[in-house]
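Here's the structure, in structure tokens; my notes come after.
Nothing in this text is a laboratory measurement; each read-out follows from the coordinates by a stated rule. Since this is a predicted model, take the numbers as computed values, not measurements. Ideal geometry is used to build each Cβ from the backbone, glycine not excepted, and the neighbour counts take in all protein chains shown.
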Amino acid sequence: MSLKESWAQEIFQRLVDGQRQEVMYNVLDDAEWIFVNPYIKSTILSDTYHGPTEYWTKAEPIYRQIFRAPMKFTLRRLSVVGNLAFGELKGETVGKKDNEKYIMPQVSVCLVLEFNPTNEEEDGGKPRCKGVTEYLDSALLQKFMDNNL
């Protein structure tokens, strides 16, 4: 069964609303989470993580150190194909030490969420993510790490 676009829209809206814990709940504990490129370490976060806890345990302390406040997202575009949801998000925040705005003019983050169709019925028609791939401007992120860590 294909992913319902309304469910994908709800997940991305939670990101926009700053409900990161709700989004993390919708990612399976054993999900593969790829951040930027695990083979070319363009940032200290570039890696493959196993589940949202492993990813967030490493990422959250770094984000808290480099950004004054959590990223505020706006959803630019959402597409659903089969069990995949592709979301383009624009993000904005401020560097903690340098007070510089962290804005990406086009696409801040592109998230590809792969949903597990096998647990749809037990989850009330709301399947959870079995894979997350996160793309972003790693050079800009690294600049903020260099300036604010």
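Of MET145, LEU78, ASN99, which is farthest towards the positive pole of the chain's charge dipole, taken about the Cα centre with +1 and -1 on the beta-carbons of Lys, Arg and Asp, Glu respectively?
ASN99
List every residue whose amide H lies under 5 Å from the amide H of ASP47, counting only residues 5 or more places away in sequence or on a different chain, with H placed 1.01 Å from N in the peptide plane.
Placed amide hydrogens put PHE35, ASN37 under 5 Å from ASP47.
Charges at C-beta only: +1 for Lys and Arg, -1 for Asp and Glu. How large is the resulting dipole of region 5-148 about its Cα centre, in Debye rounded to 20?
780 debye
Taking θ = phi - 60°, what integer Hz values does the Karplus form 6.51 cos²θ - 1.76 cosθ + 1.60 yield along region 126-133, in sequence order, with x for Gly and Pro?
10, x, 9, 6, 9, x, 10, 10
What share of the DSSP beta bridges in region 5-148 is antiparallel, in percent to the nearest 5? Please report the intermediate quantities before stating the final value.
Values: 30 of 35 bridges.
Taking every DSSP beta bridge within region 5-148, about 85 percent pair in antiparallel fashion.
Amide H to amide H, which residues 5 or more places from LYS96 or on other chains are under 5 Å from it, using H placed in the peptide plane?
Under 5 Å from the amide H of LYS96 lie the amide H atoms of PHE67, ARG68, each far enough along the sequence or on another chain.
What angle do you read, to the nearest 10 degrees and between 0 and 90, between the alpha-carbon axis of helix 138-148 and the longest principal axis of the chain?
50 degrees
Could you work out the relative contact order of region 1-136, using alpha carbon pairs under 8 angstrom and six or more residues apart, expressed as a whole percent?
26 percent
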